[in-house]
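Only one structure is covered here, and it is reproduced in the block below.
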Amino acid sequence: MVPGDPVEVMLGESARPADREALRMALGLDQPILSQLWSYLKGLLHFDLGYSLHSKQPIADLLLQRLPATLELTGAALLIAVVIALPLGVMAALYKGKAQDDAAMLFSLVGISIPNFWLGPMLILLFSLGLGWAPVSGRDAPGALILPAITLGTALAAILARMIRSTLLEVLHEDYIRTAQAKGLSRHAVIWRHALGNAWLPIITLLGLQLGALLGGAVITETIFDWPGLGSLLVESIQKRDYPVVQGCVLLISIAYVVVNTLTDLIYGWVDPRIRLGKI
Amino acid sequence: MMGFRLAITVLLLWALMALFGPLLPLSPNQIELSQILTPPSSSELLGYDDLGRPLLDRLVAGARISFMVAFGVVLVAGSFGITIGLLAGYFGGLFDLITMRIIDIFLAFPGILLAIALAGVMGPGIDNLVIALSLVGWVGYARLARSQVLSLKQRDHVTAAIALGTSELTIVSRHLLPLIAAPLIIEATFGIAGMVIAEAGLSFLGLGVQPPEASWGSMIRDGARYMLVAPHMVMVPGLAIMLVVFSLNLLGDRLRDRLDIRSRHIS
């Protein structure tokens, strides 16, 4: 069914047929596909994801080893995205139709269009090889996080900046903003407290939904920078035809995605008192 | 306006390279040992890669791959997704319920991650790439078509058509589909942009076209190793991808401004 027999990868092409059969049986690959699935699902119930075909280590251990690096990278990318997008989106909304708005929206369009597998090498070329400010790859050297996080966070920053702009533009015409201005609040307070207060909900929704793109992007970013996370483990395992590990990576990343999206739903009530549960 | 003209020019060039590239006397896989890593110049055009292959020829060959994959996936995923979404939205009931649960399952996975895993498991190659991306991509179109139909099917003209005894197939295809075409075309424009990046990304990871065939993504991967001595190997395909995706996004924005009434009062 699947091209690339793991047994062949493990033993090499010159292995004797008897040895191959023995290994196939030891791995349970001679069982019908449904019974293989059943034993996999049974294992999942007690966090037994099986063993790597390649390194023979338990997959759960492999995943746990790599998880912190991915969390660190996506967390940093998320932070960078918000830090860039917030001032940019606010500026674009306040100066709508003016040069500042055009510049911010141009940045946003470029940011959405630039593929991370190109941005990464370009950043390495400029800041690592050219200026020597950051390490080329790995996670150990100080400052190693910066370039991968920018690579991963830029597209999200661009999308977020656009959304903050359009949300603010909608809100700025509402009566309560005029009231806030009329009672003499500073421009700063009106924007950051009153207008953005209403923008948090769509921002959080977007961040939750975009987390999927971020986790997918992490696969490529980690490969570029040799970042020892789940994404690079996934790509390594695909190359080695280590399917149980591929399965484990996809499963864990997807669970993380679903958990975060559930959390975003719960955060709604906390951010916006109007939709707090139990008051419907 | 100038940006828009540039975008149209880039997209036309992309389409021309893709459609007529094979007719040109190009040799994207021809190795010239004496030209290894030659930088771009007026006589060498875009320069040569690490094996001495002309980058301009490879760029044109890569344009064809990205064009075919992007349009192929959007066509397959779009027509399948829209059909499913239309039917689920119009008929509702058990079919709708089952469709929505299937969509929920797909949405539980980050799209590109699922595509990477599928392409990895199915093995590299352009066919599998299109299958993997289509399997992941139809969900968005189905959801959009369904939600649009749900709000439109209560309209008077649909009720009138039902009262006149028009067949359900005609109602869906003639009375509903044209009304939801605008948002779907906008979605497809951004979809093509996304697929250009996805194809290049998967090829970058080694899951797309196989050597010696050229794809913009695999060209970046090849070039990344020679960045210090031959940065043009990464620059050329990267700029191509960026220009095409930028142009598609700009076009999508324009279409949205013109076709989508709801966003008009905002921007």
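Here is a check on your reading of the model: is B:ARG155 open to solvent by 20 Å² or more (accessible area, probe 1.4 Å) and modelled with pLDDT under 90?
Numbers: open to solvent by 20 Å² or more (accessible area, probe 1.4 Å): yes; modelled with pLDDT under 90: yes.
Spelling it out, B:ARG155 is indeed open to solvent by 20 Å² or more (accessible area, probe 1.4 Å) and modelled with pLDDT under 90.
Quick check on the range A:141-155: of everything there that is surrounded by fewer than 18 Cβ atoms within 10 Å (Cβ to Cβ) and small (Gly, Ala, Ser), which residue is modelled with the highest pLDDT? Walk me through how you get there before you give the answer.
The initial filter retains those residues of the range A:141-155 that are surrounded by fewer than 18 Cβ atoms within 10 Å (Cβ to Cβ), namely A:141-143, A:146.
Subsequent filtering for residues that are small (Gly, Ala, Ser) retains A:141, A:143.
Values: A:ALA141: 77, A:GLY143: 80.
So the residue we want is A:GLY143.
Could you identify the single residue in B:LEU251, B:LEU255, B:LEU239 that is in contact (Cβ under 8 Å) with a residue 24 or more places away in the chain, surrounded by fewer than 20 Cβ atoms within 10 Å (Cβ to Cβ), in a helix (DSSP H, G or I) and more than 7 Å from chain A (Cβ to nearest Cβ)?
After applying the criteria, what remains is B:LEU255.
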Of all residues being part of a helix (DSSP H, G or I) and at pLDDT 85 or above in the range A:126-140, which is farthest from the other protein chains (Cβ to nearest Cβ)? Just the residue, please.
A:PHE127
Failed item, numbered, when A:LEU109 is tested on (1) within 19 Å of the chain's Cα centre (by Cα); (2) open to solvent by less than 50 Å² (accessible area, probe 1.4 Å); (3) among the aliphatic types (A, V, I, L, M):
(1)
Of the residues that make up the range A:27-45, is at least one surrounded by 14 or more Cβ atoms within 10 Å (Cβ to Cβ), of a type in the set (Ser, Thr, Tyr) and not in a helix (DSSP H, G or I)?
no
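Search the range B:189-221 for residues being assigned to a helix (DSSP H, G or I) and open to solvent by 30 Å² or more (accessible area, probe 1.4 Å), and hand back the single one that is farthest from the other protein chains (Cβ to nearest Cβ). Give the derivation first.
Pass one, the range B:189-221, residues assigned to a helix (DSSP H, G or I): B:189-204, B:216-221.
With open to solvent by 30 Å² or more (accessible area, probe 1.4 Å) added as a condition, the list becomes B:190, B:194-195, B:197, B:221.
Details: B:PHE190: 9, B:GLY194: 10, B:MET195: 12, B:ILE197: 5, B:ARG221: 8 Å.
Residue satisfying both the conditions and the ranking: B:MET195.
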Please work out if B:LEU169 is modelled with pLDDT under 90, farther than 30 Å from B:ALA7 by Cβ and in a helix (DSSP H, G or I).
yes
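Does A:PHE117 fit the bill of being closer than 25 Å to B:MET235 by Cα, assigned to a helix (DSSP H, G or I) and within 19 Å of the chain's Cα centre (by Cα)?
Working: closer than 25 Å to B:MET235 by Cα: yes; assigned to a helix (DSSP H, G or I): yes; within 19 Å of the chain's Cα centre (by Cα): yes.
So A:PHE117 passes the test.
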If you go through the range B:130-152 one residue at a time, do you hit one that is more than 20 Å from B:ALA77 (Cα to Cα) and open to solvent by 20 Å² or more (accessible area, probe 1.4 Å)?
yes
Matching residues, the range A:84-118, being under 16 Å from A:ALA199 (Cα atoms) and without any contact (Cβ under 8 Å) to a residue 40 or more places away in the chain:
A:PRO87, A:MET91
Return yes or no: is B:SER79 open to solvent by less than 10 Å² (accessible area, probe 1.4 Å), part of a helix (DSSP H, G or I) and among the hydroxyl-bearing types (Ser, Thr, Tyr)?
no
Candidates B:ILE162, B:ILE186, B:ILE112, filtered to the one that is away from chain A (no Cβ under 14 Å), assigned to a helix (DSSP H, G or I), modelled with pLDDT under 95 and within 30 Å of A:ALA218 (Cβ to Cβ)
B:ILE186
Across the range B:1-54, the tally of residues that are in contact (Cβ under 8 Å) with a residue 12 or more places away in the chain, under 25 Å from B:VAL69 (Cα atoms) and part of a loop (DSSP other than H, G, I, E, B) stands at 9
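Evaluate the following for B:ILE180: is it under 30 Å from B:THR83 (Cα atoms), over 14 Å from the mean Cα position of the chain (by Cα), crowded, with 21+ Cβ neighbours inside 10 Å and more than 9 Å from every other protein chain (Cβ to nearest Cβ)? Steps first, please.
Numbers: under 30 Å from B:THR83 (Cα atoms): yes; over 14 Å from the mean Cα position of the chain (by Cα): yes; crowded, with 21+ Cβ neighbours inside 10 Å: yes; more than 9 Å from every other protein chain (Cβ to nearest Cβ): yes.
So B:ILE180 passes the test.
To keep it simple, each residue is scored yes or no on (1) part of a helix (DSSP H, G or I); (2) on the phi > 0 side of the Ramachandran plot; (3) of a type in the set (Phe, Trp, Tyr); (4) at the interface with another protein chain (Cβ under 10 Å from one of its Cβ atoms).
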residue	(1), (2), (3), (4)
A:PRO87	yes, no, no, no
A:ILE112	yes, no, no, yes
A:PRO142	no, no, no, no
A:PRO148	yes, no, no, no
A:LEU156	yes, no, no, no
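Given the residues A:LEU53, A:LEU78, which is the only one that is part of a helix (DSSP H, G or I), of a type in the set (A, V, I, L, M) and surrounded by 14 or more Cβ atoms within 10 Å (Cβ to Cβ)? Walk me through it before giving the result.
On the way: A:LEU53 fails: part of a helix (DSSP H, G or I).
So the residue among A:LEU53, A:LEU78 that is part of a helix (DSSP H, G or I), of a type in the set (A, V, I, L, M) and surrounded by 14 or more Cβ atoms within 10 Å (Cβ to Cβ) is A:LEU78.
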Condition broken by A:LEU123, with the remaining ones in (1) in contact with a Lys or Arg (Cβ under 7 Å, 6 or more places away or on another chain); (2) at pLDDT 90 or above satisfied
(1)
For the range A:224-271, give me each residue that is open to solvent by 60 Å² or more (accessible area, probe 1.4 Å), hydrophobic (A, V, I, L, M, F, W, C) and within 12 Å of chain B (Cβ to nearest Cβ).
A:ILE255, A:VAL258, A:VAL259
A:VAL190 vs (1) within 20 Å of the chain's Cα centre (by Cα); (2) open to solvent by less than 10 Å² (accessible area, probe 1.4 Å); (3) among the hydrophobic types (A, V, I, L, M, F, W, C): all pass except (1)
Among (1) buried (at least 16 other Cβ atoms within 10 Å of the Cβ); (2) more than 23 Å from B:ARG221 (Cα to Cα); (3) under 19 Å from the mean Cα position of the chain (by Cα); (4) not polar (S, T, N, Q) - the single one B:ILE65 does not satisfy:
(2)
Considering residues of the range A:205-216 that are within 11 Å of chain B (Cβ to nearest Cβ) and out of contact with any Pro (no Cβ under 9 Å at 6 or more places or on another chain) only, the residue surrounded by the fewest Cβ atoms within 10 Å (Cβ to Cβ)
A:LEU209
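The values are calculated or read from the model by the stated rules, or taken from the named source; none is laboratory data. Treat the numbers as computed from the prediction; the structure is a model and nothing was measured. No Cβ is skipped: glycine too gets one built from the backbone with ideal geometry, and neighbour counts run over all protein chains shown. When the accessible area is computed, the model is the full protein with side chains, heavy atoms only, and any ligands, DNA or RNA have been set aside. Shrake-Rupley method; radii C 1.70, N 1.55, O 1.52, S 1.80 Å.
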